[in-house]
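Note sheet for the following structure.
The values are calculated or read from the model by the stated rules, or taken from the named source; none is laboratory data. As the structure is a prediction and not an experimental result, all values here were calculated from the model. Heads up, the Cβs are rebuilt from the backbone with ideal geometry, glycines too, and the neighbour counts pull from every protein chain shown. We work out accessible area using only protein heavy atoms, side chains counted, and drop any ligands, DNA or RNA first. Shrake-Rupley method; radii C 1.70, N 1.55, O 1.52, S 1.80 Å.
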Amino acid sequence: QVQLAESGGGLVQPGGSLRLSCAASGNIFGISAMGWYRQAPGKQRELVATITSGGSTNYADSMKGRFTISRDNAKNTVYLQLNNLKPEETAVYYCNAVGYGYFSGRANDFTSWGQGTQVTVSS
C-alpha cells in the first residue's frame, strides 16, 4: 500500500502563513493526482486544492489567491502554501494521492489518505 506522511501544521495567528508537506511512499509506479482537503470540527471534509502530474491545479473558490499547491514528482511530494489564514480555517488538513503501483502481487490502482495535520488559526 501507499503511505502518506504530512507535516507542517501548527498554530498561527490570523493573517499568518504555513507550508504543509506530504510525501508518498511505497511501491509506486506513478501518481496521477495529489491534493489537500480539510475538515473543521462538526463539518464535512472539503476540497482545498488538487494538482495533476502535469501541473494542472484546481482550487476551491474561497482559497484562490491565498493558497498555492505545488508538487515534486521526483519525490512524490505535494506542498500547500497557506497565506493570510483566517480563524475559520482552523481544521485538520488531509493529503490525498491517486495513482497506480504494485500491491498484492500485481499492478493496482490506489487512492490513499494521510492521517492529517492540525492547522489552528488563533490570536
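Structure notes:
- Over the chain, Cα pairs under 8 Å with separation of 6+ residues give a relative contact order of 36 percent.
- When Rg and the Kirkwood Rh are both derived from Cα coordinates, the Rg/Rh ratio for the stretch 1-119 amounts to 0.99.
- In order along the stretch 20-27, phi translates into HN-Hα couplings of 9, 10, 8, 10, 9, 9, x, 7 Hz, rounded to whole numbers, per the Karplus curve 6.51 cos²θ - 1.76 cosθ + 1.60 with θ = phi - 60° and x for Gly and Pro.
- Computed over protein heavy atoms with a 1.4 Å probe, the accessible surface of the chain works out to 52 Å² per residue.
- Cβ-derived FRET efficiency at R0 22 Å, SER7 paired with SER32, nearest 0.05: 0.45
- Computed from phi, the 3J(HN,Hα) profile of the stretch 28-42 under the Karplus parametrisation 6.51, -1.76, 1.60 (θ = phi - 60°) reads 9, 8, x, 10, 6, 8, 10, x, 10, 10, 9, 9, 8, x, x Hz, with x in place of Gly and Pro.
- With all protein chains in place and a 1.4 Å probe, the accessible surface of the chain carries 45 percent carbon and sulfur.
- Modelled spin labels at LYS86 and VAL98, positioned 7 Å past Cα toward Cβ, are 2.7 nm from each other.
- Of every Cα-Cα pair in the stretch 1-50, the percent that sits beyond 12 Å: 75 percent
- Computed extension gain for TRP113 through ASP61, at 0.36 nm per residue and net of the alpha carbon distance, reaches 16.5 nm.
- Extension gain, SER25 back to LYS43 (0.36 nm per residue minus Cα-Cα distance, nm): 3.5 nm
- In Hz, Karplus ³J(HN,Hα) per residue of the stretch 60-71 (6.51, -1.76, 1.60; θ = phi - 60°; x = Gly, Pro): 5, 4, 5, 10, 4, x, 10, 10, 9, 9, 8, 8
- The calculated FRET efficiency for the pair SER17 and SER53, based on their C-beta separation and a Förster distance of 22 Å, comes to about 0.25.
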